[in-house]
Amino acid sequence: MIKFGRVRVSAICLVVAALFAAINFSPHLPILLACIAVHEAGHILPVICGGGRINALHVMPFGVSISAGGRLTSYGQDMFAAFGGPLANIAASLVLLAVMRLITFNKYLLFAAVASAAYAAVNLFPVRGLDGGRMLELFLQSKLGEPRASIVFGIASAAALALLGLCSLLVLMATGYNFSLALMCGYLFYIIYFAPSSKRDLRR
């Protein structure tokens, strides 16, 4: 783990980034990084506004894990903080589409809009380690209590991960080369079932 103040970068992340850049570096890569930055900003803002604090940002192979100090005042606020990332991506996508409609069409703006919306959609899957999983976990805890919620959430997360894996195969077959979603599913599978317990909850 490489540290830059509060930012901690996984060595594996650097290897994966270098590999992707070496295979096919293009203007699309900075756009994807910008989508991730917008997403994480969408998480950070509700945490700070809710009285929380950001202890560290962990840059992982397929996203950023935020370590926030303390709990916000309610499950609802925690859920909104989790939803903030996808919401920021959706808002950015709509803004880019509006710019293209009102001003000019640009293929890079179109790619950014689609990529931002896709990043939001993937993160809304109710899988442990994704924003949708965090929101579902908090909702179940608020309704069922933690012991029962843990069982229900574990089943729902496994089913959603299987569905996301199927989607990754469809994307791979449709494009013939895009295996990034399949790699992400493999990474989530490792985090959920094989990683140390301290690393399983990616957004706390």
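Quick note: the coordinates plus some simple rules give every number you see, no bench work behind them. Because the structure is a prediction, the values reported are computed rather than measured. A quick note on method: Cβ atoms are made from the backbone with ideal geometry, for glycine too, and the neighbour counts reach across all protein chains shown.
Put simply, segment 125-204 fits an ellipsoid with semi-axes of 26, 13, 9 Å; these come from the alpha carbon gyration tensor as the roots of five times its eigenvalues, largest first.
Here segment 27-66 is scanned for amide nitrogen atoms under 19 Å from the site 7 Å beyond the Cα of LEU102 along Cα-to-Cβ, giving none.
A Förster radius of 22 Å, combined with the Cβ-Cβ distance separating VAL114 from ALA162, puts the computed FRET efficiency at roughly 0.30.
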